[in-house]
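Input: a single structure, listed below in structure tokens.
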Amino acid sequence: FLICIQDFSKAMSQAGSSQFQEVIRQELEYSMKVELDKILATAHSNEIEHTKKDLEGFKKLFHRFLQEKGPSVDWGKIQRPPEDSIQPYEKIKARGLPDNIASVLNKLVVVKLNGGLGTSMGCKGPKSLIGVRNENTFLDLTVQQIEHLNKSYNTDVPLVLMNSFNTDDDTKKILQKYSHSRVKIYTFNQSRYPRINKETLLPIAKDVSYSGENTECWYPPGHGDIYASFYNSGLLDNLIAEGKEYIFVSNIDNLGATVDLYILNHLMNPPNGKRCEFVMEVTNKTRADVKGGTLTQYENKLRLVEIAQVPKAHVDEFKSVSKFKIFNTNNLWIALSAIKRLQEKNAIDMEIIVNPKTLDGGLNVIQLETAVGAAIKSFENSLGINVPRSRFLPVKTTSDLLLVMSNLYSLNAGSLTMSEKREFPTVPLVKLGSSFTKVQDYLRRFESIPDMLELDHLTVSGDVTFGKNVSLKGTVIIIANHGDRIDIPAGALLENKIVSGNLRILDH
């Protein structure tokens with residue numbers, strides 16, 4: 001009898017706590033609604049419509065954030081994907097190309113995610129406007145690639161840029177220079193959501209403006225926002241009306257993400273007659289990629305699992321290169337009609353990423369975001385394609401920039417290809433220290449980019465500069481201690497060398 005009473009009181013207290021949590025949730029949602037209404041009331045008449053859409057989208061995300069707690073995957077349900085759900089690229093390439101590849105290409109739209117700023121590399125303005133090769137920016141190279149495609153096949157593949165409120169103005173100014181190129185360029189803006197105070201869970205913005213001191217109050221909510229904002233912009237419907245069927249989406253800083261005709265042909269002319277609505281390009285993990293999201297089978301669907309969703313006890317298992325061999329490159333091929341169908345049914349399900357930030361004044365805020373690849377489970381007949389590593393060439397740091405600027409790659413019609421003189425297909429591991437973090441400092445420290453064809457590993461730390469025509473081979477480690485400076489002289493050959501201490505070559 002005593003046990004029954006204890007069980008009963010325990011059950012009552014649990015019910016009470018869940019009721020209490022529900023009351024708190026409702027209060028938080030109500031407070032949020034009041035604050036958002038106040039913000040909306042400050043909008044000018046020409047801003048009301050899109051501000052309302054943004055805040056509605058944010059409200060939905062906030063509602064889900066309050067409902068969901070803890071890691072969003074049940075580790076016990078994660079299985080390896082079935083063999084045929086991730087196809088090797090070689091198998092898709094072996095099918096060859098049809099004679100009418102131009103008609104297939106005319107069904108394609110290239111979409112580049114262009115919402116990011118170059119702040120992590122010490123640059124102001126959109127990251128896509130950083131010079132990466134022979135003074136060409138990410139955007140220049142993208143336009144050159146598509147222009148080359150349109151000229152070669154006499155096609156009309158358009159480029160669509162998803163900008164954020166951070167990048168829109170600067171990007172639009174630059175686009176004028178492509179007005180005579182053979183590429184139609186469209187832009188649309190992703191949503192603008194309010195950052196929320198970590199303690200109060202209320203927006204830190206007091207009005208709709210996002211300039212001056214209000215710049216830190218707002219953020220673009222991750223690239224998962226593409227589905228809603230593409231649909232809301234009206235561009236999705238326009239492209240469908242023009243006969244376009246697929247988009248190829250990738251990050252604008254991934255220089256390996258070029259249009260692949262074999263993958264496109266596989267989508268348009270599937271061997272089993274059943275078209276895929278969503279294809280994710282994955283590639284084999286190396287030690288550098290252990291945190292990358294991976295494709296798994298979950299409740300009979302292909303699902304992207306990110307490290308943030310993994311229960312703490314299983315993080316090491318998730319990082320294992322032997323168990324989870326592949327990761328998401330964020331090169332995605334998606335059927336336009338499927339985006340429209342799912343968006344209209346409000347059926348695109350993406351996990352919430354909670355991104356904590358500390359603002360300049362020390363205030364802790366959180367951003368609620370989603371990732372474009374997470375929607376894979378909402379689409380029918382999804383597929384992973386295991387592509388060569390060359391299709392994943394992101395430039396996130398100046399260490400990456402050094403690789404793409406070097407003679408490891410040759411540039412042809414906007415596309416970078418690994419030099420045939422490189423004996424092995426992998427790139428060297430490059431780690432440049434904090435003196436190289438900003439692009440302008442990095443450029444100042446290299447009189448010319450070294451010959452890296454035979455380099456395996458490069459680590460540079462401290463105040464180091466490189467003269468002209470330096471060659472690096474094997475493993476090279478250069479460490480200038482605090483207060484020391486190392487100048488690598490012009491024409492130097494460093495092969496399997498460790499250089500430390502102080503080395504100044506004085507000008508005569």
For this session: Scan region 167-211 for residues that are within 19 Å of THR51 (Cα to Cα) and open to solvent by 60 Å² or more (accessible area, probe 1.4 Å) and jot them down.
Result: ASP169, ASN189, LYS206, TYR210, SER211
Exercise. If you go through region 394-408, how many residues are open to solvent by less than 20 Å² (accessible area, probe 1.4 Å) and either in contact (Cβ under 8 Å) with a residue 60 or more places away in the chain or under 24 Å from ILE263 (Cβ atoms) (or both)?
Worked result: 4
Exercise. Here are some conditions: (1) under 22 Å from the mean Cα position of the chain (by Cα); (2) assigned by the TED database to the domain that holds ASN251; (3) at pLDDT below 95. LEU363 meets all but one. Which one does it not meet?
Worked result: (1)
Exercise. From the list ASP84, ASP74, ASP156, which residue is open to solvent by 30 Å² or more (accessible area, probe 1.4 Å) and either in contact with a Phe, Trp or Tyr (Cβ under 9 Å, 6 or more places away or on another chain) or under 29 Å from TYR210 (Cβ atoms) (or both)?
Worked result: ASP74
Problem set entry | Where a residue in region 290-317 is free of Cβ contacts under 8 Å to residues at least 12 places away in the same chain and part of a helix (DSSP H, G or I) and its partner, wherever it lies, is of a type in the set (A, V, I, L, M) and open to solvent by less than 30 Å² (accessible area, probe 1.4 Å), with Cβ under 9 Å and at least six apart | GLU317/VAL310
Exercise. Can we say LYS93 is surrounded by fewer than 13 Cβ atoms within 10 Å (Cβ to Cβ) and within 30 Å of LYS325 (Cβ to Cβ)?
Worked result: no
For this session: Considering (1) at pLDDT below 85; (2) assigned to a loop (DSSP other than H, G, I, E, B); (3) hydrophobic (A, V, I, L, M, F, W, C), say which one ALA43 fails and leave the rest.
Result: (1)
Problem set entry | Unmet criterion (only one of (1) in a loop (DSSP other than H, G, I, E, B); (2) among the hydrophobic types (A, V, I, L, M, F, W, C); (3) buried (at least 20 other Cβ atoms within 10 Å of the Cβ)) for LEU264 | (1)
Exercise. Does ALA313 qualify as being open to solvent by 70 Å² or more (accessible area, probe 1.4 Å), out of contact with any Leu (no Cβ under 9 Å at 6 or more places or on another chain) and either assigned by the TED database to the domain that holds GLU369 or not aliphatic (A, V, I, L, M) (or both)?
Worked result: yes
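Each row is one residue, and each column tells you yes or no for (1) more than 24 Å from the chain's Cα centre (by Cα); (2) modelled with pLDDT of 95 or more; (3) within 21 Å of LEU129 (Cβ to Cβ).
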position	(1), (2), (3)
LEU403	no, yes, yes
LEU411	no, no, yes
GLU423	yes, no, no
LYS431	no, yes, no
ILE449	yes, yes, yes
VAL460	yes, yes, no
LYS468	yes, yes, no
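Just to check your reading of the model, which residue among ILE334, ILE326 is buried (at least 20 other Cβ atoms within 10 Å of the Cβ) and either acidic (Asp, Glu) or out of contact with any Leu (no Cβ under 9 Å at 6 or more places or on another chain) (or both)? First the steps, then the outcome.
Details: ILE326 fails: either acidic (Asp, Glu) or out of contact with any Leu (no Cβ under 9 Å at 6 or more places or on another chain) (or both).
None of the other options fit; the residue is ILE334.
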For this session: Hey, can you tell me all the residues within region 227-260 that are out of contact with any Phe, Trp or Tyr (no Cβ under 9 Å at 6 or more places or on another chain) and either of a type in the set (A, V, I, L, M) or at pLDDT below 95 (or both)?
Result: ALA228, ILE240, ALA241
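Report, by residue number, each residue of region 92-143 that is of a type in the set (Val, Ile, Thr) and closer than 18 Å to ASN254 by Cα.
The initial filter retains those residues of region 92-143 that are of a type in the set (Val, Ile, Thr), namely 92, 101, 104, 109-111, 119, 130, 132, 137, 142-143.
Passing the criteria: VAL109, VAL110, VAL111, THR119, ILE130, VAL132, THR137, THR142, VAL143.
Is there a residue being touching an Asp or Glu at 6+ places or on another chain (Cβ under 8 Å) and either over 23 Å from PRO126 (Cβ atoms) or touching a residue at least 40 places away in the same chain (Cβ under 8 Å) (or both) anywhere in region 237-245? Outline the logic, then answer.
First, pick out the residues of region 237-245 that are touching an Asp or Glu at 6+ places or on another chain (Cβ under 8 Å): none.
No, the conditions are met nowhere in region 237-245.
Having 1 or more residues that are under 19 Å from PRO388 (Cβ atoms) and out of contact with any strand residue (DSSP E or B) (no Cβ under 7 Å at 6 or more places or on another chain) is the bar; report the strands (runs of 3 or more DSSP E) wholly within region 408-475 that clear it. Before the answer, list the steps.
Values: elements: 409-412, 415-418, 429-432, 451-461, 464-466.
Correct list: 409-412, 415-418.
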Exercise. Quick one: would you say GLY384 is more than 17 Å from ILE130 (Cβ to Cβ), surrounded by fewer than 16 Cβ atoms within 10 Å (Cβ to Cβ) and assigned by the TED database to the domain that holds PHE324?
Worked result: no
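The values are calculated or read from the model by the stated rules, or taken from the named source; none is laboratory data. Predicted, not measured: the structure shown is a model, and the values here were computed from it. Here the Cβ is made from the backbone with ideal geometry for all residues, glycine too, and neighbour counts use every protein chain on show. These accessible areas exclude ligands, DNA and RNA; they are computed on the full protein's heavy atoms, side chains included. Shrake-Rupley method; radii C 1.70, N 1.55, O 1.52, S 1.80 Å.
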